Amino acid sequence: MSRARQVSGLPALSNPLPNRDSSQKGWRLLYILTAYYKCSEVFKPHLLSFLQEVCSSPGLHFQGIAKACEQNLKKTFQCGGRTRFPSSMELKAMVAGRSAKRQLFLLPGGIEKHLKIKTCSVALDAVEELCEEMGLHRPEAFDEYIIFVVSSRGDITED
């Protein structure tokens with residue numbers, strides 16, 4: 001029996017049915033952990049292999065969240081993981097299974113644009129998406145743009 005089948009929420013033949021809610025909570029925890037922490041270089045290929053096996057096995061539960069975990073893990077290794085822990089509101093949303101939000105971006109000329117921001121999104125992801133919408137497809141174009149974050153307190157930071 002494959003590793004994916006053993007821990008993905010489908011029962012092994014000799015095991016009783018696992019609690020689906022418990023499996024779902026475990027996947028959500030893995031989603032959060034892959035967004036915040038790098039695993040060791042030794043464990044990384046095994047974890048990636050497991051996640052890819054779950055994603056590519058038809059009929060297994062939790063394929064969607066396994067794909068999201070894989071994307072989080074890759075982004076964490078690429079960018080170093082998140083440095084700030086989630087707010088209580090974001091953590092409650094993640095535990096409830098909501099991993100993205102629509103974020104308002106104000107563009108020159110008073111244009112408002114909403115983008116889907118995920119747990120592991122970085123400023124470059126938003127710049128790339130905005131450039132794509134403007135028809136700028138070359139990576140060099142991304143270097144020409146910057147994002148300023150304006151908080152509800154009126155603070156301005158540059159990313």
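At F148 and F85, where each label point lies 7 Å from the Cα along Cα→Cβ, what is the point-to-point distance in nanometres?
Taking the simple label geometry, F148 and F85 are separated by 3.2 nm.
On a 21 Å Cα-Cα criterion, which of the cross-link pairs K75/K101; K25/K116; K38/K118; K44/K101; K44/K92; K74/K113 come out too long? Before the final figure, lay out each step's value.
On the way: K75/K101 18 Å; K25/K116 23 Å; K38/K118 18 Å; K44/K101 28 Å; K44/K92 27 Å; K74/K113 27 Å.
The answer is K25/K116; K44/K101; K44/K92; K74/K113.
Set the Förster radius R0 to 22 Å, insert the Cβ-Cβ distance between K74 and L29 as r into 1/(1 + (r/R0)^6), and round the FRET efficiency to 0.05.
Working: r = 18 Å, r/R0 = 0.84.
E(calc), rounded to 0.05, equals 0.75.
Taking 1 over the mean of 1/r across every pair of different Cα atoms in region 72-122, what Kirkwood radius in Å do you get? Mind dumping the intermediate values first?
Values: mean 1/r = 0.0797 Å⁻¹.
That comes to 12.5 Å for region 72-122.
I'd like the chymotrypsin sites (Phe, Trp or Tyr not before Pro) in region 9-112 restricted to DSSP loop residues with at most 16 other Cβ atoms within 10 Å, sorted by number.
Working: sites: W27, Y31, Y36, Y37, F43, F50, F62, F77, F105; in loops: Y37, F43, F62.
For chymotrypsin sites (Phe, Trp or Tyr not before Pro) across region 9-112 that sit outside H, G, I, E and B with at most 16 neighbouring Cβ atoms in 10 Å, the list reads Y37, F43.
For F105, list long-range residues whose amide hydrogen, built 1.01 Å from N in the peptide plane, is under 5 Å from its own amide hydrogen.
Here K113, H114, L115 satisfy the definition.
For region 74-90, just list the computed ³J(HN,Hα) in residue order, Karplus coefficients 6.51, -1.76 and 1.60, θ = phi - 60°, integers in Hz, with x standing in for Gly and Pro.
These are the phi-based 3J(HN,Hα) values: 5, 5, 5, 6, 6, 10, x, x, 6, 9, 10, 5, x, 5, 4, 5, 5 Hz.
Between L47 and H137, what length in nm is gained on full extension when 0.36 nm per residue of separation is reduced by their alpha carbon distance?
On the way: separation 90, 0.36 × 90 = 32.40 nm, distance 3.26 nm.
Answer, rounded to one decimal: 29.1 nm.
Output the Kirkwood hydrodynamic radius of region 97-158, Cα pairs only, in Å rounded to one decimal. Let's see the in-between values first.
Numbers: mean 1/r = 0.0782 Å⁻¹.
By the Kirkwood definition, the hydrodynamic radius is 12.8 Å.
Taking the Cα centre of region 33-94 as the origin, how large is its charge dipole in debye, to the nearest 20, when only Lys and Arg (+1) and Asp and Glu (-1) carry charge on their Cβ atoms? Walk me through the numbers before you get to the answer.
On the way: 8 positive and 4 negative charges, 49 e Å.
In debye, rounded to 20, region 33-94 gives about 240.
Measure off 7 Å from each Cα along the Cα-to-Cβ vector at A96 and H61, then give the distance between these two points in nanometres to one decimal.
With each label placed 7 Å out from Cα toward Cβ, I get 2.2 nm.
Roughly speaking, what is the centre-to-centre gap between region 78-95 and region 37-72 when only Cα atoms are used, to the nearest Å?
The two parts, judged by their Cα centres, are 19 Å apart.
Every number in this text was worked out from the coordinates using simple rules, so none of it is lab data. Please read all numbers here as calculations on a predicted model, not as lab measurements. No Cβ is skipped: glycine too gets one built from the backbone with ideal geometry, and neighbour counts run over all protein chains shown.
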